[in-house]
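Shown next, in structure tokens, is the structure this report addresses.
The values are calculated or read from the model by the stated rules, or taken from the named source; none is laboratory data. Since this is a predicted model, take the numbers as computed values, not measurements. FYI the Cβ positions are ideal-geometry reconstructions off the backbone, even for glycines, and counts take in every protein chain you see. Keep in mind that these areas ignore ligands, DNA and RNA; they rest on the heavy atoms of the full protein, side chains included. Shrake-Rupley method; radii C 1.70, N 1.55, O 1.52, S 1.80 Å.
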Amino acid sequence: ATAQRQLFRVFASRADKTHAEVYQVGDVVVFGRGVQQLGIARGAYLTVAEADRKTNTVTLLATDENGAERRVDWNPKRVAGGAKNGVELYRPRGTALAVGDRIQWNRNSRDGFTNGQLLTVTACAPDGVEVQTETGERRTLDPRTHAGQHWEHAYASTVYATLRVK
């Protein structure tokens with residue numbers, strides 16, 4: 001087994017996500033639309049560094065493709081509560097994965113993974129997790145990126161979850 005990180009969705013209403021007190025240090029915020037005045041691209045993952053409930057300001061850390069970090073002060077009332085394309089809020093957790101583990105993907109991704117998709121771990125390392133889909137296709141997840149952390153162990157599944165996959 002190797003140590004891995006995964007992102008769990010924080011279930012909060014759009015109204016709740018407009019308040020800084022919902023955000024905890026270390027949480028990950030994904031923007032459904034770009035915010036040009038803050039230099040945030042659509043789909044960007046930013047990490048919560050601070051949350052000030054008095055001023056309703058959340059300080060986020062943005063990392064560019066070169067690994068340089070910059071701080072962004074954000075008022076969540078401006079984007080998070082939007083009816084469409086607001087923000088998604090995730091809380092990271094550490095866990096372990098081993099060959100043979102069944103996992104369930106929990107977010108549609110640009111890499112072709114779909115919400116509810118069941119995967120079997122075929123190889124596991126800190127820099128890459130190889131999985132096999134139910135159709136036999138082998139794919140690699142990069143667990144060092146936030147985009148590669150949208151999964152959970154599939155210890156049990158319901159008929160509802162199985163129906164969503166098909």
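So if I check each of Ala12, Ala62, which one is of a type in the set (A, V, I, L, M), outside any strand (DSSP E or B) and open to solvent by less than 40 Å² (accessible area, probe 1.4 Å)? Steps first, answer last, please.
Values: Ala62 fails: outside any strand (DSSP E or B).
One residue alone meets the criteria, Ala12.
Within the stretch 90-113, track down each residue that is assigned to a strand (DSSP E or B) and either open to solvent by less than 40 Å² (accessible area, probe 1.4 Å) or in contact with a His (Cβ under 8 Å, 6 or more places away or on another chain) (or both). Walk me through it before giving the result.
Step one: list which residues in the stretch 90-113 are assigned to a strand (DSSP E or B), which gives 90-97, 102-105.
Within the stretch 90-113, Tyr90, Pro92, Thr95, Leu97, Arg102, Ile103, Gln104, Trp105 meet the criteria.
Among the residues of the stretch 74-81, is any small (Gly, Ala, Ser), surrounded by fewer than 17 Cβ atoms within 10 Å (Cβ to Cβ) and either modelled with pLDDT of 95 or more or under 29 Å from Ala20 (Cβ atoms) (or both)? Walk me through it before giving the result.
Step one: list which residues in the stretch 74-81 are small (Gly, Ala, Ser), which gives 80-81.
Subsequent filtering for residues that are surrounded by fewer than 17 Cβ atoms within 10 Å (Cβ to Cβ) retains 81.
Now drop any that are not either modelled with pLDDT of 95 or more or under 29 Å from Ala20 (Cβ atoms) (or both), which leaves 81.
Within the stretch 74-81 (the criterion being small (Gly, Ala, Ser), surrounded by fewer than 17 Cβ atoms within 10 Å (Cβ to Cβ) and either modelled with pLDDT of 95 or more or under 29 Å from Ala20 (Cβ atoms) (or both)), the answer is yes, since at least one residue qualifies.
Within the stretch 127-145, does at least one residue satisfy the condition of being under 19 Å from the mean Cα position of the chain (by Cα), within 14 Å of Thr2 (Cα to Cα), surrounded by fewer than 16 Cβ atoms within 10 Å (Cβ to Cβ) and in contact (Cβ under 8 Å) with a residue 60 or more places away in the chain?
Among the residues of the stretch 127-145, not one is under 19 Å from the mean Cα position of the chain (by Cα), within 14 Å of Thr2 (Cα to Cα), surrounded by fewer than 16 Cβ atoms within 10 Å (Cβ to Cβ) and in contact (Cβ under 8 Å) with a residue 60 or more places away in the chain, which makes the answer no.
Would you say Val129 is touching a Pro at 6+ places or on another chain (Cβ under 6 Å) and modelled with pLDDT of 90 or more? Let's see the steps before the verdict.
Details: touching a Pro at 6+ places or on another chain (Cβ under 6 Å): yes; modelled with pLDDT of 90 or more: yes.
Yes: the conditions hold for Val129.
Of all residues in the stretch 27-48, count the ones that are in contact with a Pro (Cβ under 8 Å, 6 or more places away or on another chain) and farther than 17 Å from Gly148 by Cα.
0
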